[in-house]
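Trainee: Have a look at this one.
The values are calculated or read from the model by the stated rules, or taken from the named source; none is laboratory data. Note that the structure is a prediction, hence the values are computed from the model and not measured. Cβ atoms come from the backbone with ideal geometry, glycine included; neighbour counts cover every protein chain shown.
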Amino acid sequence: MSNSEVLKFAHSFIIRRRSQYIFCFGAMHVYNPKHKQFPAIEKFWRKFLEATKGQKRIVFVEGGKRPLACSRREAIEKGGEGDFTVWLAERVGVLVDSPEPPRGEERRNLEKQFSREDIELYYFTRYAYQWNRFSKKPPFADYINSFLKQDKHQSRWKKFDFSLENIETIFRKKFSRPFKSDDKNFFYSIINPHYTKTVINKVSKASGEIRDAYITKNIIKQWNSGKSIFLVYGNGHIPALKKYLVNKIIKKL
């Protein structure tokens, strides 16, 4: 696979200023070790290491800080492209971080436009959709409840009921249909930020805009400190990230 093929496949881009680089890989959220994107990420990573040898480097991944897996397979099956990238970076001692906004901060911004029920329903539906994409699925209730517990802590919404039973009730009232954990296509339709059919689509779009602004701010901070950056993010974020970074870096050269 040539470098041009990697870029075409991944909706990725490279920014260079003298010897400093940003390698950005636009990934699909998949958890299958046999998926063709993982060799593409690894090839892109090797090119980044070659281009930035002897320089200060940092790796950014989506979705917060991630644990280090024991193997390639475990990394992909448990955490997709994010955990896989952490596994690659840790093997050669490159610092890994996540440039995401704190969830509490994101929620506070979303509350300026949306109700707490709609905000939590968006996160819940996103978790349910993600669960459907695992090749080896953990028990649904165990998986979701771990996130709902985390949401309760991060939100500090003391009077909000984060129980799975309550969120499913909100779901039924909002969409006039029973909640089914395997309703993957419907989950996708309401968390897709490019659709405008439901308020959850609008929450998704606003969440993406908040995150993209925060992410690019952190990328520029590391860039200005002299670091080369290897970035792996969902391909839905790539157009906004590319536009912002081109405006902030390329047009200032």
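Trainee: Starting from residues that are in a loop (DSSP other than H, G, I, E, B) and of a type outside the set (Gly, Ala, Ser), keep the ones in segment 103-118 and report whichever is surrounded by the fewest Cβ atoms within 10 Å (Cβ to Cβ).
Mentor: We begin by selecting, within segment 103-118, every residue in a loop (DSSP other than H, G, I, E, B); these are 111-115.
Among the residues that remain, those that are also of a type outside the set (Gly, Ala, Ser) are: 111-114.
Values: 111: 14, 112: 7, 113: 12, 114: 20.
Among residues in segment 103-118 that are in a loop (DSSP other than H, G, I, E, B) and of a type outside the set (Gly, Ala, Ser), the one surrounded by the fewest Cβ atoms within 10 Å (Cβ to Cβ) is 112.
Trainee: Can we say residue 81 is without any contact (Cβ under 8 Å) to a residue 40 or more places away in the chain and under 22 Å from residue 130 (Cβ atoms)?
Mentor: For residue 81, the condition - without any contact (Cβ under 8 Å) to a residue 40 or more places away in the chain and under 22 Å from residue 130 (Cβ atoms) - is not met.
Trainee: Can you name every residue in segment 142-192 that is in a helix (DSSP H, G or I), over 22 Å from the mean Cα position of the chain (by Cα) and not charged (D, E, K, R)? Spell out how you get there, then give the answer.
Mentor: First, pick out the residues of segment 142-192 that are in a helix (DSSP H, G or I): 142-155, 164-175, 184-191.
If we keep only those that are over 22 Å from the mean Cα position of the chain (by Cα) as well, we get 164-175.
Matches in segment 142-192: 164, 166, 167, 169, 170, 171, 175.
Trainee: Any residue in segment 1-23 that's among the small types (Gly, Ala, Ser): show its pairings with residues that are modelled with pLDDT under 50 at Cβ separation under 8 Å, as long as the two are six or more apart or on different chains.
Mentor: Partner pairs satisfying both residue conditions: 12/6.
Trainee: Sticking with this one: So which residues in segment 55-74 are over 21 Å from residue 238 (Cβ atoms) and in contact with a Ser or Thr (Cβ under 9 Å, 6 or more places away or on another chain), if there are any at all?
Mentor: 55, 56, 65
Trainee: Which members of segment 132-166 meet the condition of being under 21 Å from residue 203 (Cα atoms) and touching a Leu at 6+ places or on another chain (Cβ under 7 Å)?
Mentor: 144, 148, 162, 164
Trainee: Oh, and also: Considering only residues that are touching a residue at least 60 places away in the same chain (Cβ under 8 Å) and either assigned by TED's automatic domain parsing to the domain that holds residue 150 or surrounded by 15 or more Cβ atoms within 10 Å (Cβ to Cβ) (or both), which ones fall in segment 45-72?
Mentor: 45, 48, 51, 52, 57, 58, 59, 60, 61, 62
Trainee: Out of curiosity, is residue 100 more than 18 Å from residue 32 (Cβ to Cβ) and either surrounded by 16 or more Cβ atoms within 10 Å (Cβ to Cβ) or modelled with pLDDT of 95 or more (or both)?
Mentor: Against the criterion (more than 18 Å from residue 32 (Cβ to Cβ) and either surrounded by 16 or more Cβ atoms within 10 Å (Cβ to Cβ) or modelled with pLDDT of 95 or more (or both)), residue 100 qualifies.
Trainee: A further question on this structure: Which ones in segment 141-156 are out of contact with any helix residue (DSSP H, G or I) (no Cβ under 6 Å at 6 or more places or on another chain) and aromatic (Phe, Trp, Tyr)?
Mentor: Matches in segment 141-156: none.
Trainee: Scanning for something part of a strand (DSSP E or B) and out of contact with any Ser or Thr (no Cβ under 6 Å at 6 or more places or on another chain), does segment 207-227 turn up at least one residue?
Mentor: no
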